[in-house]
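Every number in this text was worked out from the coordinates using simple rules, so none of it is lab data. On a predicted model such as this, the values are computed, not experimentally measured, just so you know. Cβ atoms come from the backbone with ideal geometry, glycine included; neighbour counts cover every protein chain shown.
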Amino acid sequence: MSLAARDITIGYDKKTISEHLSLEIPAGRFTAIIGPNACGKSTLLRALSRLIKPVTGEVLLDGKDIHGRPAKEVARRLGLLPQSSIAPDGISVAELVARGRFPHQKLIRQWSAADEAAVVGAMAATGVTELSGELVDTLSGGQRQRVWVAMVLAQQTPIVLLDEPTTFLDIAHQIELLELCVRLNRDQDTTMVAVLHDLNQAARYADHLVVMKSGEIVAQGDPREVMTADLVERVFGLGCRIIDDPETHTPMVIPRSSLG
């Protein structure tokens, strides 16, 4: 299962965010897209997920233009957690997670044991099983975020795109979610792509980084090669030291202080 952008120009209304952008998502890897605010990370992810159509160029899913394929067919191959999601009024956690199975439904196909297992497994993996009967709109921001992640996992796609998935989550749940992404990648060969803000989390959990600035891709590759003090200062304007994470031996950014 492959996903790529070929010479795309993307933006909103009449505002161009990125021009002539090309990117190949490594299959079977965990890719983190990082960069300063408003650099085009989420716009790129939205283009890869078929939410926005490039002005020029094309996004290719398995070598075919993603916009030329039926929406349900795309949804069986590619799952998306957008930056903000709104649940229908009065819907329970279990009902929302079950909607992740919609792409697998057919007119004559009833709810199956496989569907039930996918939903139960997704809720267990994200720690929301005990919330199954609760209404989504009564949950905290962090709980809602985990429920949306569960819905995407229940979709059981070979490619999963996550736009700032750790938003609203406390640090413990951030780590749980990112480690879940790693397990899905390693155990099920799921291609994971996440927009992340925390550089140390990106370097620790992803095995491929894409670094953006001002709508352009300025670096990509293995975190051990990409995450340098020079790159962090050039892209983020932050002076720093790079040391080994004592737990994972991945690059860790230590900001320099002006306080003395």
- line: Extension length gain for residue 130 and residue 7 (0.36 nm per residue less Cα distance), in nm, is 39.7 nm
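How high is the relative contact order of region 1-73, in percent, with contacts defined as C-alpha pairs under 8 Å that are six or more residues apart?
Numbers: 114 pairs, mean separation 29.6, N = 73.
Taking the mean separation of contacting Cα pairs over the length of region 1-73, I get 41 percent.
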- request: Convert each backbone phi in region 221-235 into a coupling constant with the Karplus relation 6.51 cos²θ - 1.76 cosθ + 1.60 (shift: θ = phi - 60°), then list the ³J(HN,Hα) values in order as whole Hz, x for Gly and Pro.
  value: x, 4, x, 5, 9, 7, 7, 10, 4, 5, 5, 4, 5, 5, 8
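Taking the DSSP beta bridges in the chain as the whole, what percent of them are antiparallel, to the nearest 5?
On the way: 25 of 42 bridges.
Bridges in the chain that DSSP calls antiparallel: roughly 60 percent.
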- line: With -39,500 (n - 2.57) per DSSP H segment of 4 or more residues and division by the full residue count of the chain, the 222 nm estimate, nearest 500 deg cm²/dmol, is -9000 deg cm²/dmol
task: Once you have a ≥ b ≥ c as the square roots of the Cα gyration tensor eigenvalues for the chain, tell me rounded if a/c is under 1.5, and otherwise prolate or oblate according to whether a/b is larger than b/c.
output: oblate
- request: Using amide H atoms built 1.01 Å from N in the peptide plane, name the residues 5+ places from residue 17, or on other chains, whose amide H lies under 5 Å from its own.
  value: 10, 11, 12
message: 5 Å is the cut-off here: which amide hydrogens, built 1.01 Å from N in the peptide plane, fall below it relative to residue 168, excluding neighbours closer than 5 in sequence?
response: none
- line: For the table 14/106; 53/213; 41/106; 14/41; 64/106, the rows whose alpha-carbon distance is greater than 27 Å are 14/106; 41/106
message: If you average the alpha carbon positions of region 91-147 and of region 160-177, how far apart do those two centres end up, in angstrom?
response: 18 Å
query: Most mobile of 82, 158, 70 per a Gaussian network model of the chain (Cα springs, under 10 Å)?
result: 70
message: Sort 210-219, 145-154 by packing, meaning the average of other beta carbons within 10 Å per residue, with the highest value first.
response: 145-154, 210-219
